[in-house]
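Every read-out reported here was derived from the displayed coordinates using simple, explicitly stated rules and does not represent laboratory data. All values derive from a computational prediction rather than experimental measurement. In this analysis, Cβ positions are derived from the backbone assuming ideal geometry, glycine residues included, and neighbour counts consider all displayed protein chains.
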Amino acid sequence: MSEQRIVALFDTHVPFHIPLDPVWEFVKDFKPTTLVYGGDMHDWTAVCHWLADQSRALEGGVVQECYEQLREVVLEPGRKAAGRAKTVFLTGNHEDWLAKAIEVNPNGKGYWELERNLDCKRFNMEILGTNEAFQPSSNLVYIHGIYVNKFHAKATVEAYHTSVLYGHAHDSQSHTLVSPVNIKHFYKGQSCGCLCHLNPAYMKNRPNRWVNGFNYCYLDDRTGYFWDTQVTIVDGQFRTLGRRYR
């Protein structure tokens, strides 16, 4: 059997990330063939579209500091843990702020783009654009995420007409659809949690449904069947593969 092993990490929002050492330890143990960075891997506050004065926010090489943080916190540890696994980087809405910042300040063109700053050869990485899907099989796609409404898993699987693993909503929610023609064929929408702090300052202690976690799956290349596991991280630790990571 030819089998893929895929780990998907979403929404680290560096520098507002939780401690990631247990996750990298798991990745090392799991030995993925593909590592998916599912978008919003850095918060990119320097180009936040909520800031009223973008030109002031972009002074002093702050964008480059964001890239340095991303490499130090996510990309380099991920490379060491996953070895030469294929890496897929999905552009999230926060990464898309870089493109919007260039529209505001064209002096950033050629300097701030992901492709200009991330060494794809070093990280064996493919960067996909905003709302582009990574499709490892005909039955499964990964996206950053497009909905955050109450029933976003249902909305997502109905929109894509296939199984979708995604982030963006920062919670863990699942919805399945089974074909009446072939009961072996089902679609699953699964949001995969986030890897950032659950009570950011801008939320001002308001309640939310966020949960820390990530997803991994086994994918049979011959049939396209997959078996995914949603991991929940509580107080910096989780159990999977028969052991505790912390």
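Ranking of Tyr67, Tyr37 by neighbouring Cβ atoms within 10 Å, starting from the fewest: Tyr67, Tyr37. Counted residue by residue at 0.36 nm each, then reduced by the alpha carbon distance between them, the extension gain from Thr176 to Gln69 reaches 34.8 nm. With a Förster radius of 30 Å applied to the beta-carbon distance between Asn149 and Asp220, the computed FRET efficiency rounds to 0.40.
In the distance distribution for segment 3-245, Cα-Cα pairs more than 30 Å apart total 25 percent. Potential lengthening of the chain between Asn199 and Asp21 amounts to 62.0 nm, from the contour at 0.36 nm per residue minus the alpha-carbon distance. DSSP finds beta bridges in the chain, and of those with both partners inside it, around 55 percent are antiparallel.
Listed by chain and number, the lysines whose C-alpha is less than 28 Å from the C-alpha of Lys28, apart from same-chain residues fewer than 8 away, are Lys80, Lys86, Lys121, Lys188. Extension gain, Arg246-Asn208: 0.36 nm per intervening residue step, less the Cα-Cα distance, totals 11.2 nm. By the count of other C-beta atoms within 10 Å, a proxy for reagent exposure, Val36, Val63, Val74, Val104 are ordered fewest to most as Val104, Val63, Val74, Val36. For segment 176-191 versus segment 67-97, the inter-centroid distance based on Cα atoms is 31 Å.
By the helix-only formula, in which each DSSP H run with n ≥ 4 contributes -39500 (n - 2.57) and the sum is divided by residues, the chain has a 222 nm mean residue ellipticity of -6000 deg cm²/dmol. In this label model, Lys184 and Lys31 are separated by 2.9 nm, measuring between points 7 Å along each Cα→Cβ vector.
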